[in-house]
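Reviewing the structure listed below.
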Amino acid sequence: MKFKRDTSTLIFSFIIVASLLPVGGRAQKEDDNWPSLSYLRSDYRQVSVVARVNVRTAEKVNHVGGYEDWHLVGEVTEPFKGKFRKGDPIDFYHGAEKGFRRELFLGDKIVFLERNFVEKEKRWVWAVLENSTLGYNADRGRKLSLIRRSQTKRRTH
């Protein structure tokens with residue numbers, strides 16, 4: 001019985017890792033249109049800041065059980081919501097399962113951020129909304145611009 005459970009865990013882990021890696025042009029093409037507008041709109045509403053960020057550095061700062069906290073530093077290249085402007089420096093924290101490589105966090109990303117209070121350090125920090133960080137592509141940028149415009153129109157009416 002233990003062998004079956006371990007095999008199931010191994011297969012599940014393989015499926016998760018495989019789903020993160022595009023396989024061939026067709027898989028990449030389908031992924032280019034994900035997530036849907038409604039999915040992005042839902043995440044957009046849950047946070048204070050949404051931005052396209054060029055993440056330059058990523059450093060593991062803590063680990064608890066099977067999870068790690070990463071401190072990321074970069075520059076805002078396109079703001080969609082919140083107080084940050086193009087060119088502003090930004091640093092934030094990202095929780096992830098143990099074992100992810102630093103390279104996964106670097107580069108051109110779309111981040112959905114909320115303020116979290118770190119009790120141990122008695123300070124507020126920006127942290128990503130769980131399972132929301134995405135690599136940037138033109139389709140995602142277009143969808144977020146559309147959401148931003150629709151939110152702006154709502155506020156002015």
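Observations on the structure shown:
- Verdict on Trp70 being of a type outside the set (D, E, K, R) and outside any strand (DSSP E or B): no
- Flag for Val64 being touching a Ser or Thr at 6+ places or on another chain (Cβ under 6 Å), over 27 Å from Asp32 (Cβ atoms), in the same structural domain as Asp43 (by TED's automatic domain parsing) and not basic (Lys, Arg): no
- Only one entry of Val55, Val73, Val23 meets the criterion of being hydrophobic (A, V, I, L, M, F, W, C) and modelled with pLDDT under 95, and that entry is Val23.
The values are calculated or read from the model by the stated rules, or taken from the named source; none is laboratory data. Note that the coordinates shown come from a computational prediction; the quantities given were computed from them, not determined experimentally. Using ideal geometry, Cβ is built from the backbone for each residue, glycine included, and neighbour counts are taken over all protein chains shown.
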